[in-house]
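Report on the following structure.
Derivation of every value follows stated rules applied to the coordinates shown; laboratory data play no part. Everything numeric here is computed off the predicted structure, so don't read it as measured data. Note that we place each Cβ from the backbone using ideal geometry, even for glycine, and neighbour counts take in every protein chain shown.
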Amino acid sequence: KGSLSPLRKINKVINSYAIARQKEIDTLQKNAEFRREFIADISHELKTPIFATQGYIHTLLDGAIDDKQVRMRFLKRAAKSLDSLDILVQDLLTLNQMESGVIRFSFSEFNLKELIDEVIEELEHKASKRDMHIKFDFEADKSYWTNGDRQKIYRVCQNLIFNAMKYNHNGGEVTITMSTHKNSIQVDVKDNGHGIPPEDLKRIFERFYRVEKSRNKKEGGTGLGLAIVKHILEGHKSKISVSSTVGKGSIFSFSLPMVKRDPSEEKLKVVSS
Ligand code: ADP
């Protein structure tokens, strides 16, 4: 009583072995499916700039090269398509390195307010070049210091603030707020743009996922930005969260540790810079 007969014992072992094997097979199948999907996605993304460049170059070779104005216009467009191909390949490499864990994070203390100021300056310039009128609003009552990989956190802020600008209407607003909670600094990037439907909200951090394929194609993103953001924040033991309302806008938030600085150190920095 209480102990299993030898036959039932063997049966139990065989059963658990069969379950484990089935799990292994399921994982392999899932991996194969994932790889197939990924290759299909990449091929699709690569095709767009390659076809465009091919088109311009063949038209030039077919005679358009003789007209100086057309020549310049087509060469500029071909160069732009190649630039976007370069960005796509770079983003793919970054993501791949992050997913396989080979990318190194180089941590240091830095001023998060200064970093956000730099990003806003860069994007204000970009907006004016695109003839987009976006009002950037950055509220921070103090400059907070954090510990992280500055270059990568720059990328996080750049992607989030650029999206807030891209998926917005002309004349839209982007508000960035920095607030403190216990030992962390929370950054919120808020826009009053298109917003994201609830069914898409969970998937926007997947690589190549776009809410409206055709509309977003025009904006020229790679569909990898938020996947990169998620990985960088994971590398900082942080998470990205989002809330959004269609037609009203979105808020993307993340937190980083707050580093307390001796006020005299701050003064020294101001004096020496
Ligand atoms: P993309 O290169 O297409 O901008 P991302 O990974 O940065 O790629 O974003 C994925 C998708 O999430 C975008 O294509 C867009 O549909 C949606 N999205 C991201 N940020 C916003 C935002 N602030 N407002 C509305 N939609 C957004």
With no solvent and one equal point scatterer placed on each C-alpha of the range 57-182, evaluate the Debye formula and give log10 I(q)/I(0) for q = 0.17 Å⁻¹, two decimals. -1.03
DSSP bridge pairs, the chain: antiparallel proportion in percent, nearest 5: 85
Taking the Cα centre of the chain as origin and charging only Cβ (+1 Lys, Arg; -1 Asp, Glu), how large is the dipole, in debye to the nearest 20? 1240
Choose one of SER108, SER43, PHE74: the residue whose Cα lies farthest towards the positive end of the charge dipole of the range 1-141 (beta-carbon charges +1 Lys, Arg; -1 Asp, Glu; about the Cα centre). SER43
Between ASP137 and GLU212, the FRET efficiency computed from the C-beta separation at R0 = 41 Å comes out, to the nearest 0.05, as 0.95
State the antiparallel share, in %, of DSSP beta bridges confined to the range 77-197, rounding to the nearest 5. 70
I'd like to compare 7-18, 134-145: which one has the highest average count of other Cβ atoms within 10 Å, and what's the full order after that? 134-145, 7-18
Where nothing but the Cβ of Lys and Arg (+1) and of Asp and Glu (-1) is charged, how large is the charge dipole of the range 88-238 around its Cα centre, in debye to the nearest 20? 500
Yeah, the chain with a ≥ b ≥ c from its alpha-carbon gyration tensor (a/c under 1.5 is rounded, else prolate when a/b outruns b/c, oblate otherwise) is oblate
Going through the cross-link list LYS202/LYS248; LYS80/LYS135; LYS190/LYS239; LYS30/LYS152; LYS152/LYS248, which pairs have a Cα-Cα distance over 23 Å in this structure? LYS80/LYS135; LYS30/LYS152; LYS152/LYS248
